[in-house]
Amino acid sequence: MPNILCCFKWVADEAYIRASAGKELDLEWVDYKISDYDRNAIEEAVRLQEQYGGNVSAITVGKPDDTKGLKDALSRGPEKAYFINDSSFQNLEPSQTAAILAEVIKSQIDYDLIICGEGSSDLYAQQVGPRLAEILSIPCVSFIQKLDIEQNQLIVERKVDDGVEVLSLPMPALVTVLPDINSPRIPGLKDTLSASRKPVVDIGRDDLSGNFESCLQTMAINKANMERNGIKLGSEPQDISQLVDALVKQGVIGGVK
Amino acid sequence: MAGIWIFAENHKHCLELLNPGQKLAQKLGSPLAIFLWQDKELIKDYVSHGAEQIFVLPPLAADQTLEAYVPLIADLARREQPDVFLLGSSLRCKEMAARIAASLNTGLCSDCIAFNLNDSKALEMERLIFGGAAIQKVICVTSPQMATIPAGTFEAGPAQSPGEVRIVELADPLPSVVKLIDKKSNAHQSANLTEARVVVCVGRGLEKESDLGMARELAELLGAEIGCTRPISEELHWLPEDTCIGLSGIKVKPELYIGLGVSGQIQHITGIRDARIIFAINNDENAPIFDVSNYGMVGDVYKVVPQLINELKKTIK
Ligand SMILES: Cc1cc2nc3c(=O)[nH]c(=O)nc-3n(C[C@H](O)[C@H](O)[C@H](O)COP(=O)(O)OP(=O)(O)OC[C@H]3O[C@@H](n4cnc5c(N)ncnc54)[C@H](O)[C@@H]3O)c2cc1C
Ligand SMILES: Nc1ncnc2c1ncn2[C@@H]1O[C@H](COP(=O)(O)O)[C@@H](O)[C@H]1O
């Protein structure tokens, strides 16, 4: 019966960033969400618990006011959450996040399996999982699309650039999951209500001893402008012939075999 | 000790990374080294592309995968103290890079799309964040400075007359507890897609797999290659995974991109920003794809595409 820990991040929703006007990146009014693929990480933990028993906790590093994310995560099935928070814990780079998670996990969490998303929706660095495994000195497999437990071994299917590999590894271990490993359930009203009664272990900066200095320094962040002020057409026959004419004029069709 | 180190999974990607690696090596006065396993025939090729050192990794047991080299490479880096370590961003190398970086306690710029050396000889590296909605510029203040670099970011340089080379044979790694049980390879296609002049991209606006026929007919008529959004390849598995366009897939740069039922989420758009003309068909007039299109057609793909095919047949003889 495995003890499973899933790592999730509470992130600014990139859809708001793109839609916001201007060149500057303005995060003041954006909405937040659980990083997309961390929903798959949580779902996989809960699915494994349903199949094999054991228990599931969720863990996150963030700012003290990220409590909405905790509730959201707990409504998806974990029975407990670890909330490592400090006002300085924003804009962390992956080496810092991994070091903070590692310190807490080493000192106070009993685990057999740690599940991360393949990458966070904001940074998409795809580092925190494998870094964490390395610091904890446990085996890891990234980018998995299927997970089973057989006689205390994990059997995983992992994607590589030229195919799929089936691997086995002993626990404790860490995996990072691809979105197609499952379809995250949508929490209902009952789940949301019960989430607020679940225990949350609050861990502050003072509870930690590491200095967590950053290895990467951000020099600048610029909004990428991709807007093209194009022409909008209907779908009547004249629209279609107008379009084809335009594409011919642009030289992108015609003259093709 | 010093060095500019290169590690990538395949030959082509190695050559691509040797090119900027060689420039860095010259500017930093540091030898250019590359890792190699399996085929020693490649040494000549790497040397004529600037490699001055070859680290030859020993063969792996049948149940081991490339990641088993991680402790070995990290140890070597601790001894040799390279200045810069560039890896390809294949899935496997991303994991290896992150673990090596953690082991060396250094920073790693994932999916670096451009870099330059600043006045204090630090690499200023650019990468996409927020799904591609913003570009982050970072420097790595620890050593080695590490980055993973997507295939196709750089071009391989021309072969030159080879210089001196130092070949270093590395010891066997300890076997990893992660064991390979089985492997299925998939047939590759995407080389055509990244070079295609016209790309027809299929999104979830298509209802069923057989509707791909309509996209294929359009593609054939235009001499186009077929690409798709991530849900089509990763969730529905209608098309091979290496035809997924976007942040976690490939980048395309066609003269014409046609999106069929593609919503235009930022992670997808990131992969088509270099297309010259973007044309999208979507029945939701507020779909974000229209903001980034040169031509946007509000309509049902099932009605529009057959008409478009007819019209094109008249035009293209
Ligand atoms: C970290 C991360 C990385 C990602 N990487 C990628 C990536 O590399 N590539 C990628 O593609 N996605 C990626 N995604 C997913 C991305 O966010 C979107 O979910 C995805 O691109 C949406 O695909 P879609 O447009 O096919 O589907 P949907 O968003 O479901 O859009 C379908 C569209 O079809 C339209 N439609 C429906 N019926 C019709 C009809 N009959 N006629 C015309 N239009 C119709 C709808 O209006 C809708 O706009 C990533 C996500 C994350 C979080
Ligand atoms: N602040 C965080 N708190 C908890 N887990 C995180 C955090 N940041 C990243 N992770 C985990 O690490 C994965 C990869 O993140 P990244 O390296 O930023 O792409 C995410 O999918 C999460 O599972």
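The values are calculated or read from the model by the stated rules, or taken from the named source; none is laboratory data. Values in this document were obtained by computation on a predicted structure and should not be read as measured data. Neighbour counts run over all protein chains shown; Cβ positions are idealised from the backbone, glycine included. Just the protein is used for accessible areas: all its heavy atoms, side chains included, with ligands, DNA and RNA removed. Shrake-Rupley method; radii C 1.70, N 1.55, O 1.52, S 1.80 Å.
In degrees from 0 to 90, rounded to the nearest 10, what is the angle of the helix A:36-52 Cα long axis to the longest principal axis of chain A?
Between helix and principal axis, roughly 40 degrees.
Would you work out the relative contact order for the stretch B:164-293, in percent, from Cα pairs under 8 angstrom that are 6 or more residues apart?
23
Past 20 Å, Cα to Cα, is the threshold; run A:Lys23/A:Lys63; B:Lys94/B:Lys251; A:Lys159/B:Lys183 against it and keep the listed order.
Values: A:Lys23/A:Lys63 26 Å; B:Lys94/B:Lys251 18 Å; A:Lys159/B:Lys183 10 Å.
Result: A:Lys23/A:Lys63 exceed 20 Å.
Rounded to the nearest Å, what's the spacing between the alpha carbon centres of the stretch B:1-78 and the stretch B:252-305? Just the number, please.
40
Pairs of alpha-carbon atoms within less than 8 angstrom and 6+ residues apart define the contacts here; what relative contact order does chain B have, in percent? Before the final figure, lay out each step's value.
Working: 649 pairs, mean separation 46.7, N = 317.
Value for chain B: 15 percent.
Under a 1.4 Å probe, what is the accessible area of the stretch B:4-169 per residue, stated in Å²? The partial results should precede the final answer.
Numbers: 6220 Å² over 166 residues.
I get 37 Å² per residue for the stretch B:4-169.
For chains A and B, what's the summed buried accessible area, probe 1.4 Å, to the nearest 100 square angstrom? Working shown, then result.
Numbers: alone 15330 and 16590 Å², together 24370 Å².
The A and B chains share an interface burying roughly 7500 Å².
Counting only residues 5 or more places away or on other chains, whose amide H sits under 5 Å from the amide H of A:Ala173 once H atoms are built in the peptide plane?
A:Leu113, A:Ile114
How high is the relative contact order of chain A? Use alpha-carbon pairs under 8 Å, at least six apart in sequence, and give a whole percent. Don't skip to the end; give the middle numbers.
Working: 452 pairs, mean separation 58.3, N = 257.
Averaging sequence separation for qualifying contacts and normalising by length gives 23 percent for chain A.
Considering protein heavy atoms only and a 1.4 Å probe radius, which residues within the stretch A:116-137 exhibit an accessible-area decrease of no less than 30 Å² in the full assembly relative to the chain by itself?
Correct list: A:Asp122, A:Leu123, A:Tyr124, A:Gln126, A:Gln127, A:Pro130, A:Arg131, A:Glu134.
For the stretch B:193-316, rounded, prolate or oblate, judged on the Cα gyration tensor with a ≥ b ≥ c (square roots of eigenvalues), a/c < 1.5 rounded, else prolate if a/b > b/c? Before the final figure, lay out each step's value.
Values: a/c = 1.23, a/b = 1.21, b/c = 1.01.
Rounded, because the longest to shortest axis ratio a/c is under 1.5.
Send over a whole-number figure in Å² for the accessible area per residue of the stretch A:3-207, probe 1.4 Å. Kindly include the intermediate steps, with their values, before the conclusion.
Working: 8210 Å² over 205 residues.
Per-residue accessible area for the stretch A:3-207 comes out at 40 Å².
For a paramagnetic label modelled at 7 Å from the Cα of A:Lys190 toward its Cβ, which residues of the stretch A:72-90 fall within the zone defined by backbone nitrogen distances under 15 Å?
Flagged as within label range: A:75-77.
Once you've got the Cα coordinates, tell me which of A:Lys33/A:Lys190; A:Lys223/A:Lys249; A:Lys249/B:Lys12; B:Lys23/B:Lys137; B:Lys253/B:Lys303 are over 25 Å apart.
A:Lys223/A:Lys249; A:Lys249/B:Lys12; B:Lys253/B:Lys303, as the Cα separations exceed 25 Å there.
What number, rounded to the nearest 500 deg cm²/dmol, is the helix-based mean residue ellipticity at 222 nm of chain B, given -39500 (n - 2.57) per DSSP H run of at least four residues and division by all its residues? Each step should come with its number before you reach the end.
Working: 8 runs with 85 residues, N = 317.
Counting only the DSSP helices, I get -8000 deg cm²/dmol.
Expressed as a whole percentage, what fraction of the accessible surface of the protein assembly as shown belongs to carbon and sulfur atoms when a 1.4 Å probe is rolled over the protein heavy atoms? Before the final figure, lay out the partial values.
Working: 11720 of 24370 Å².
C and S atoms contribute 48 percent here.
Convex hull over the alpha-carbon atoms of chain B: what's its volume per residue in Å³? Don't jump to the answer; show the numbers that get you there.
Details: hull volume 49.7 nm³, N = 317.
Here the figure is 157 Å³ per residue.
Using only the Cα atoms of the stretch B:198-260, build the gyration tensor, take square roots of its eigenvalues as a ≥ b ≥ c, and label the shape rounded, prolate or oblate: rounded if a/c is under 1.5, else prolate if a/b is larger than b/c, else oblate.
oblate
Show that you can apply the helix-only estimate: for chain A, add -39,500 (n - 2.57) for every DSSP H stretch of four or more residues, divide by all residues, and state [θ] at 222 nm to the nearest 500.
Roughly -9000 deg cm²/dmol at 222 nm, from the helical runs in chain A.
What Kirkwood hydrodynamic radius do you get for the stretch B:4-169 when you take the inverse of the mean 1/r over all pairs of distinct Cα atoms, in Å?
Details: mean 1/r = 0.0625 Å⁻¹.
About 16.0 Å, per the Kirkwood formula over Cα pairs.
Can you find, among A:Ser194, A:Tyr32, A:Gly163, the residue sitting farthest towards the positive end of the charge dipole of the stretch A:3-207, where Lys and Arg contribute +1 and Asp and Glu -1 at Cβ?
In the stretch A:3-207, that residue is A:Ser194.
Just to be sure I follow: if Rg is taken over the C-alpha atoms of the protein assembly as shown and Rh is the Kirkwood radius over the same atoms, what is Rg/Rh?
Values: Rg = 24.4 Å, Rh = 25.0 Å.
Rg/Rh for the protein assembly as shown comes to 0.97.
Diagonalise the Cα gyration tensor of the stretch A:73-149 and give the resulting equivalent ellipsoid semi-axes, square root of 5 times each eigenvalue, largest first, whole Å. It would help to have the intermediate numbers written out before the result.
Numbers: eigenvalues 72, 54, 44 Å².
Over the Cα atoms of the stretch A:73-149, the semi-axes work out to 19, 16, 15 Å.
Among the GluC sites (Glu not before Pro) in the stretch B:117-185, which ones are in a DSSP loop with at most 14 other Cβ atoms within 10 Å of the Cβ? Mind listing them?
In loop regions of the stretch B:117-185 (DSSP not H, G, I, E or B), the sparsely surrounded GluC sites (Glu not before Pro) are B:Glu155, B:Glu164.
Which residues in the stretch B:211-230 place their backbone N less than 12 Å from a point set 7 Å from the Cα of A:Gln250 along the Cα-to-Cβ direction?
Answer for this model: none.
Given axes a ≥ b ≥ c from the Cα gyration tensor, I'd like to know whether chain A is rounded (a/c under 1.5), prolate (a/b larger than b/c) or oblate.
prolate
Once label points are set 7 Å from the Cα along Cα→Cβ at both B:Ser210 and B:Asp39, what is their separation, rounded to one decimal in nm?
Going from the B:Ser210 label point to the B:Asp39 one covers 4.3 nm.
Over the C-alpha atoms of the stretch A:154-257, what are the Rg and the largest Cα-to-Cα span, Dmax, in Å?
In Å, with Rg to one decimal and Dmax whole: 26.8, 70.
Between helix B:70-80 and chain B, what is the angle of the helix's C-alpha long axis to the longest principal axis, kept within 0 to 90° and rounded to the nearest 10?
50
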